[in-house]
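For reference, the structure is listed below as structure tokens.
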Amino acid sequence: MSTSPANTMTTAALQPLLRLLESKGISSRELLGSLGLDAPAVTSATQRISINHFDQLLEQASRLLDDPAIGLAAGQRLEMPSFYLLGFLISSCQTGREALAVLRRYYALISDTRAPDFFIGQDSIKIVFYVTEGTPFGSQTRSEFIASGIHTAGQAIGGSYYQLQGIGFRHPAPAYKDRLQRFFNVPVQYNQPQNWVSFSSRHLDSPLSYANPQLFAMLRQEAEQALARFSELKTFSQRVMHILYQWPETVPMTKDAVAELLSTSSRTLTRRLQEEDCQFSNLVKEVRLEKAKVALRSARTDVQQLALDLGFSDRRGFERAFKQWTGMTPAAYRRQQLSEAANRRLAEEATQ
């Protein structure tokens, strides 16, 4: 799946919506296919999807479920472990203040939209979040999806420490405003200058590990499972590889950026990798190769866009590198994979 570098979000954000559809007996793969989306890539939760495609999915899901409040319904199913790298980072935070700082600093990992602003007062915290303009239905639904997702995550991470105080939306009050009121159970305001959520700041510096130890154990487990895929690497190299694999295409994959994410310097990162007989450039190459292989298994992937997504200046540079890595051109590799997939389907049908 390829998307424009602008106005995209991580496919991890789709997981609540897809879980909702599956719970109602609706095949998410069929729905994705009907919109021309590559289901394996979207359901991997590690790629990007355009805001336009997300809005189309929301509208389709709303019609299929006959539910105009689809954003609210999906947001209630948000699970932090779905946001692999961001969940991994937040699981390392000791307090709510630190978690908010991590969220704002690394918001680009999940969306190209402007990062939220935090206004911390003596008694409350106000989060102003921004929504990329789309269709009227899409913009409104995404606003409610984000707000309900924030509320769901706040309850999961903060436990009894999290105390919601108010919600504000830019759009007018919808016909289902009573549903929103019941879910948030606080005053909900409409026609606001910005979208916002406010909650108590009383426990902002309380230790999160005591608020919900089950969630943090789950996030740690997810991180460990993700690291296990690179089991042939040593400990520090595993962590770097995990971060690189989850890195969004819209953020430059540089040694300095990765070092900052690991709270170290570029020089120290290089030294620690060398101690494990590893080089940063080799890890980047391996990640690019694996992502390229996954993308090329879809007939819909645009090779020019894939080359740009992987950090190449043009298609020719990517094709030369791919052939050097695999001995095959991207086109030949795709033909081989599609042919093998077709043969597997035929073999499965023959045994049924």
Using the Kirkwood formula on alpha carbons, the hydrodynamic radius of the chain in angstrom works out to 21.9 Å
Sparse-neighbourhood loop sites, trypsin sites (Lys or Arg not before Pro) in segment 96-143 - DSSP loop, at most 15 other Cβ within 10 angstrom
ARG114
How large is the Rg to Rh ratio of segment 127-213 when both quantities use alpha carbon positions and Rh follows Kirkwood?
1.01
Any trypsin sites (Lys or Arg not before Pro) in segment 255-344 that lie in a DSSP loop and have at most 15 other Cβ atoms within 10 Å would be ARG300
For the chain: lysine pairs with Cα atoms under 28 Å, gap of 8 or more or different chains, count?
15
Based only on Cα atoms, what mean projected area does the convex hull of segment 101-162 have, in nm²?
4.8 nm²
Could you give the distance between the Cα centres of segment 174-196 and segment 83-135, to the whole Å?
21 Å
With a 1.4 angstrom probe the carbon and sulfur portion of accessible area for segment 58-173, in percent, totals 51 percent
Along its three principal axes, how long is segment 163-209 when you only count alpha carbons? Whole Å, largest extent first please.
40, 23, 15
Quick one: which residues, 5 or more positions from HIS171 or on another chain, have an amide H under 5 Å from its amide H? H modelled 1.01 Å from N in the peptide plane, none for Pro or chain starts.
ASN191, GLN192
Quick one: which residues, 5+ away or cross-chain, put their amide H under 5 Å from the amide H of GLN165? H built at 1.01 Å from N.
SER198, PHE199, SER200
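The values are calculated or read from the model by the stated rules, or taken from the named source; none is laboratory data. Worth saying up front: this structure is predicted, and the values here are computed from it rather than measured. Reconstructed Cβ throughout: ideal geometry from the backbone, glycine too, with neighbour counts over all protein chains shown. For accessibility, only protein heavy atoms count, side chains too; no ligands or nucleic acids. Shrake-Rupley method; radii C 1.70, N 1.55, O 1.52, S 1.80 Å.
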